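A.B. asks: Just passing along the structure, written as structure tokens.
The values are calculated or read from the model by the stated rules, or taken from the named source; none is laboratory data. In this text, all values refer to a predicted model and were calculated from it rather than measured experimentally. Every residue, glycine among them, receives a Cβ derived from its backbone with ideal geometry; neighbour counts consider all protein chains shown. Side chains are part of the model used for accessible areas, which takes the heavy atoms of the whole protein and leaves out ligands, DNA and RNA. Shrake-Rupley method; radii C 1.70, N 1.55, O 1.52, S 1.80 Å.
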Amino acid sequence: MQRSFDDLGRPLIDVTFVVLDLETTGGSPAADAITEVGAVKLRGGECLGTFGTLVNPGRGIPPAITYLTGITEAMVRPAPPIEEVLPALLEFVGDAVVVGHNVGFDIRFLDAALGRSGRPRLGAPVVDTCALARRLVREEVPDCKLGTLASRLRLDHRPSHRALDDALATADLLHALLERAAGLGVTGLDDLLALPTARGHAQLGKLGLTADLPRAPGVYLFRDGAGRVLYVGKATDLRRRVRSYFGAASSGDDRRKLGPLLRELASIDHVVCSHELEARVLEIRLIHQLDPRYNKEARHWRRYVYLKLTLAERFPRLAVVRATPADGSLYLGPIASARSAQLVAEAIESVVGLRRCRGPVPRRPRPGGPCTPAQLGVASCPCAGGVDEEDYARLVGVVVRGLTDEPATLLEPLEQRMRALAAAERFEDAAATRDRLAALARVLDRQRRADALRRAGEVVVEVPGEGGARLLHGRLTGAWGPRHGDEPLPLSMAATTAGLAAAGPAPGPEAPESPDGRDGPEGPLRREEVDEVLCVLRWIERRAPRLRVLRADAGLAWPVTRVAEPAVGRAS
């Protein structure tokens, strides 16, 4: 039976275990058969019952097996076949967690017997005490055989290669290992199931740092010995996510990063949040504020740039810039990199022949004739004269409409050019045009959606059963979890940084004031805002069918049509 996350997170004291051991005629589930079944049911440290029976294998028992187990053919001849034993055994196991020493051997034989009798495989969670022993006591014992462990750990029962005796010894071993694991913060079933795959002894000793983490959404902060924040992350289940860092699932770059991170880890802070959105937003704000060394990918926002249409100049042009002063220009972005912004500029300039020369246009014609792009016929060059300001203003108007209200003004000519180049078998040129078209479409689509959210002013939304959020110009100012009764829980963003004083000034619940004084939806979206606003957008759009808008100052609606990227295959 597949367990839910709540089942897997149960405290171990509430989990029912069935320790299973089988004796067989050999080592192959296909060619050999079961000769004896032994099982012990445990819960809360107490034995709830035992199950034991010989089984008629329907074939001879090799002398070596009789010598090892003491089970003879005469002993099993009157015993029931496994098909008659299975119903009682399955009833005894019920929905318990199955435990065994090298339990994979027993499970394979049991699954083979179930399959031959037309029953489904066992499918229960499985705990292997041999794997646990390798993780917890390997340095204290010469090997992890059941007999060795029973002797060295002074267990009450000793194995004898008889099913019930071995099951009782394994039950004692399980209790001894659970006591060891508790010191590492292993208190839930999911913790126990993940423990055998913990990466190494050096990091394993730090599992205890996760003992107080709740199974709730929130943000976690890894700190070094001096209290400096090494890494900030979010999770829908704090305990499960943080403990996963000690698992063996990571590989490649993640593995190389995790080793140094876990070696420096000395303490873990956490903040419980109302839901996924609040956790994600708090993660973004803390990363921006604290700049942790191991959050490399999330620090890219410092490299964001803008594409500027210099409307304050007599002959406006496009420029890639980092600052957005209130100079009357039109800004597109933020855009992830200067290369991406240049690609967008090339897309626009290939449709509208804006000048490409830098600097202000002189009042008198500059000697030397037009610039190279103008000579090639792909740009205007007012520097050499001959370009009428009124005609140039019409070109600028096309660009402004394309970047604001009518994206098709720029996108349709690009798509037509791409298709014409492909039809002419100029595939490299078609691919270059496609890349420019895709870059422009992505930026325009994102900007239009973000602007719509920002213009809505204060917005209060709720997702039934999940919680809600209060937004101001696209940024989160409050959040609550699922409703209890008729009233929502108190807004929690104001308290999400409790206990983080050592991290420096805490990011408050309200959006910070703009350094250029242009707060709200009028100015361009600031670099430090864009990740948060896009996070809110994704959260709203993914939940749109269930979302309830409780309040919106100016209405909440996206543009009627989405700007789509070109659906043309890559040219070859």
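A.B. asks: For region 29-59, name all the residues that are acidic (Asp, Glu) and open to solvent by less than 40 Å² (accessible area, probe 1.4 Å).
C.D. replies: Asp32, Glu36 - these are the residues of region 29-59 that are acidic (Asp, Glu) and open to solvent by less than 40 Å² (accessible area, probe 1.4 Å).
A.B. asks: For region 108-136, name all the residues that are open to solvent by 30 Å² or more (accessible area, probe 1.4 Å), outside any loop (DSSP other than H, G, I, E, B) and more than 17 Å from Leu153 (Cβ to Cβ).
C.D. replies: The answer is Arg108, Gly115, Arg116, Val126.
A.B. asks: Kindly list the number of the only condition in (1) open to solvent by less than 50 Å² (accessible area, probe 1.4 Å); (2) in a helix (DSSP H, G or I); (3) touching a residue at least 12 places away in the same chain (Cβ under 8 Å); (4) of a type outside the set (Asp, Glu) that fails for Arg446.
C.D. replies: Single failed check for Arg446: (1).
A.B. asks: Something else now. Can His288 be described as exposed (fewer than 15 other Cβ atoms within 10 Å of the Cβ) and closer than 22 Å to Val536 by Cβ?
C.D. replies: Spelling it out, it is not the case that His288 is exposed (fewer than 15 other Cβ atoms within 10 Å of the Cβ) and closer than 22 Å to Val536 by Cβ.
A.B. asks: Over 30 Å from Gly478 (Cβ atoms), touching a Leu at 6+ places or on another chain (Cβ under 9 Å) and either in a loop (DSSP other than H, G, I, E, B) or modelled with pLDDT of 70 or more (or both): is that true of Val459 in this structure?
C.D. replies: no
A.B. asks: Additional query: How many of the residues in region 224-240 are free of Cβ contacts under 8 Å to residues at least 60 places away in the same chain and either more than 24 Å from Glu278 (Cβ to Cβ) or touching a Ser or Thr at 6+ places or on another chain (Cβ under 6 Å) (or both)?
C.D. replies: Total meeting the criteria: 4.
A.B. asks: Could I ask something else about it? Only residues in region 149-174 that are under 24 Å from Thr66 (Cα atoms) and touching a residue at least 60 places away in the same chain (Cβ under 8 Å) count as the first member; pair them with residues that are open to solvent by 30 Å² or more (accessible area, probe 1.4 Å) and in a helix (DSSP H, G or I), Cβ under 6 angstrom, at least 6 apart or cross-chain, and list the lot.
C.D. replies: His161/Leu68
A.B. asks: Moving on to the next point. State the number of residues belonging to region 160-171 that are open to solvent by 30 Å² or more (accessible area, probe 1.4 Å) and either under 31 Å from the mean Cα position of the chain (by Cα) or not hydroxyl-bearing (Ser, Thr, Tyr) (or both).
C.D. replies: 5
A.B. asks: If a residue must be open to solvent by 10 Å² or more (accessible area, probe 1.4 Å) and touching a residue at least 60 places away in the same chain (Cβ under 8 Å), how many such residues does region 94-104 contain?
C.D. replies: 3
A.B. asks: Which residue out of Gly185, Gly208 is modelled with pLDDT under 80, in contact with a Leu (Cβ under 6 Å, 6 or more places away or on another chain), small (Gly, Ala, Ser) and assigned to a helix (DSSP H, G or I)?
C.D. replies: Gly208
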